[in-house]
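Beneath this line is the structure, given in structure tokens, with notes to follow.
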Amino acid sequence: MACLLSLGMQAQSVFRFAQLTDLHLSPNNPNPTEDLLRSVAQINATDNIDFVLVTGDITEEGDRASMEKVKSCLDLLKVKYYMALGNHETKWSDSGCTAFGEIFGSERFEFEHKGFLFLGFNSGPLMRMAYGHVVPQDIRWMTERMEQAGKDKPVILVSHYPMKEGDVDNWYEVTDAVRPFNVRLFIGGHYHADQVHRYDGIPGVLMRSNLRDKDNKQGYGIYEITSDSIKVFTQRIGEPAKQWASFSLTEEYYDHQGKAEKYPDFSVNQEYAKAKEQWVVQTGAGIYCSPAVENDQVFVGDDLGSLTAYALKNGKKLWSFVSGKRIVGTPAVSQGIVVFGSADRTIYGLNAADGSLRWKVNAAEPVLGAVTIHEGIAYVGASDKTFRAIDIQTGKVVWIYDQVKGYIETKPLIADNKVIFSAWDNTLYALDKATGKEIWKWTGGLTRMHFSPAAVWPVASNGKVFIADPQRAMTAIDLQNGETIWRTFRSQVRETIGLSEDGERVYSKTMNDSIVCYSTLTNTPEQVWASNVGFGYEHAPSMPQEKDGVMYGSTKEGLLFALEAKTGKIIWKHKIGNSLINTVVPLNGREVLFTATSGEVGLIRMKK
């Protein structure tokens, strides 16, 4: 392969391209826009730049207006540019990441230039705080494109995250999938620094941010492809470009027949051997919502926009309904009707028996909120800053509340004739369940959008609403008036809360190893127990759930666990994969349903 590549490249002329990354444009800060415009101007003034790669975190808050501003700046380039998403476009996105494709044409790109194939893809995480993740359909797409181009074709792969442990949870799946091909380089950003890496032997480059550095200088990358090498430069505004890395186009850096240098450790499954996978379905698409269950059916939405019903007994696919865009929010089912929102700006009601459409309600923006059904009414929030109550039998909108200031992704809580939910605007809202009239709002003094209690599913007991927010505080709020009763940073929890069946305890995950349990009975924070589950660093918003005296939980690295609810004693742990397990659905004290961002739906059973 090396000889063929060398001979082929001798016939090609040298070419150069630029890389812009980590732009972080914000509606509240003019500096990043100025930084980008200065870089665009210098790229336009530089000879022989054939195109520009833009490798993610183009905005600070993932909002459409900022992305449109980025596009207006990049459209000033005299050469073509190609875009990849960053985590700021995928984690915080009022469109469920659909605005990026609408504005820039696609969520991934492919093109050939002077004998090289360039493939750009999303490395997540999508909507849920976790490590980066490359979804199954994107891995398939990459390998299909490289297969079509031929295994001798030199390839440059472009994403935001580095493809390594601690950054992308399924790095090994990516490197194993692409290593049979002639991958010459991964290009990314994220770290805001010039770095060279090896991803299971495959060379990788991370480029500095375009933002002004400590010397008040903006900068970007330049790559020069010659007949035998790739040379990497940093270009600071007003200075000569400085080369800091180079890669051979004739040397083989990795074994094309080899495997990843390291894989996740699944030994915990032998340690707790009684926890067994009764069935697992690999759907082939990313999944960001929890399953919903009624009778003998399980309902799951996915990244490709499908709402699918599976048999609870064995996971057999029963039917599938395809919406227009990805499904992010967890569906709900009651009285034989499944209700879910889609990023195609629609709320759907389906017949649970066969998936046929009963009704739909249009929204002005994507519907990312999880659904709660109570007494025949579905409650769901959307990104049009509107919260709706819908009759599940007829699809009639009973009432709307349109005073929300941010987008909604949470699962609403019904308590004491109130509907309680949060949004990405620092605010927890309480509305009258019957009329939608606002009763109270809580902000807790939060001022940053990123600190909003918007991913947590609130719970209530003993006159209090409990939340945990990204500022790492567990909080109890008066259910009647929205006043803070207590707020503690003691346990460093993040975006997870769960309620015991008897209503006397709340559970939350800390950011390192432990589950903590607090009393709901007291007006000061009183810890009941803490249990070291040993899951390591953790920040995924998957809620603890109790059933029949067992508290179930899950992590961003594919671990499910079960604890004694009253003591925190570990009953079992089981590792499914290495990607985020969404909030699980316990069936009883021995069985629990799960979905994973890597595309699995399954049932775990603890054997007697």
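Data table
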{"quantity": "Exclusive hit being out of contact with any helix residue (DSSP H, G or I) (no Cβ under 7 Å at 6 or more places or on another chain), of a type in the set (Phe, Trp, Tyr) and farther than 30 Å from Thr595 by Cα, set Phe111, Phe104", "calculated": "Phe111"}
{"quantity": "Strands (runs of 3 or more DSSP E) contained in the stretch 278-324 and holding at least 3 residues among the aromatic types (Phe, Trp, Tyr) and touching a residue at least 40 places away in the same chain (Cβ under 8 Å)", "calculated": "none"}
{"quantity": "Any hit, the stretch 582-603, residues being of a type in the set (Val, Ile, Thr), in contact (Cβ under 8 Å) with a residue 60 or more places away in the chain, outside any loop (DSSP other than H, G, I, E, B) and open to solvent by less than 20 Å² (accessible area, probe 1.4 Å)", "calculated": "yes"}
{"quantity": "One residue from Val338, Val328, Val380, Val361 being more than 23 Å from Lys433 (Cβ to Cβ), of a type in the set (Val, Ile, Thr), open to solvent by less than 20 Å² (accessible area, probe 1.4 Å) and modelled with pLDDT of 95 or more", "calculated": "Val328"}
{"quantity": "Residue satisfying all of: in the stretch 146-161; in contact with a helix residue (DSSP H, G or I) (Cβ under 7 Å, 6 or more places away or on another chain) and assigned to a strand (DSSP E or B); nearest to Tyr82 (Cα to Cα) among these", "calculated": "Leu157"}
{"quantity": "Residues that are over 25 Å from the mean Cα position of the chain (by Cα) and either in a loop (DSSP other than H, G, I, E, B) or of a type in the set (A, V, I, L, M, F, W, C) (or both), drawn from the stretch 326-372", "calculated": "Gln335, Gly336, Ile337, Leu350, Ala352, Ala353, Asp354, Gly355, Ser356, Leu357, Trp359, Val361"}
{"quantity": "Count of residues meeting criterion [farther than 18 Å from Lys151 by Cα and part of a loop (DSSP other than H, G, I, E, B)] in the stretch 182-201", "calculated": "7"}
{"quantity": "Residue match in the stretch 215-228 (condition: touching a His at 6+ places or on another chain (Cβ under 9 Å), in a loop (DSSP other than H, G, I, E, B), of a type outside the set (Gly, Ala, Ser) and surrounded by fewer than 19 Cβ atoms within 10 Å (Cβ to Cβ))", "calculated": "no"}
{"quantity": "Qualifying residue in the stretch 506-514 (condition: among the charged types (D, E, K, R), open to solvent by 50 Å² or more (accessible area, probe 1.4 Å) and either within 25 Å of Ala562 (Cα to Cα) or without any contact (Cβ under 8 Å) to a residue 24 or more places away in the chain (or both))", "calculated": "no"}
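Condition check ((1) modelled with pLDDT under 95; (2) not charged (D, E, K, R)) across all residues:
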position: Asp47; (1), (2): yes, no
position: Asp50; (1), (2): no, no
position: Gly62; (1), (2): yes, yes
position: Val79; (1), (2): no, yes
position: Cys97; (1), (2): yes, yes
position: Ile103; (1), (2): no, yes
position: Glu110; (1), (2): no, no
position: Gly124; (1), (2): yes, yes
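The values are calculated or read from the model by the stated rules, or taken from the named source; none is laboratory data. Since the model is a prediction, treat every value here as computed from it, not as a measurement. Using ideal geometry, Cβ is built from the backbone for each residue, glycine included, and neighbour counts are taken over all protein chains shown. Accessible surface is based on the protein model in full, side chains and every heavy atom, while ligands, DNA and RNA are left aside. Shrake-Rupley method; radii C 1.70, N 1.55, O 1.52, S 1.80 Å.
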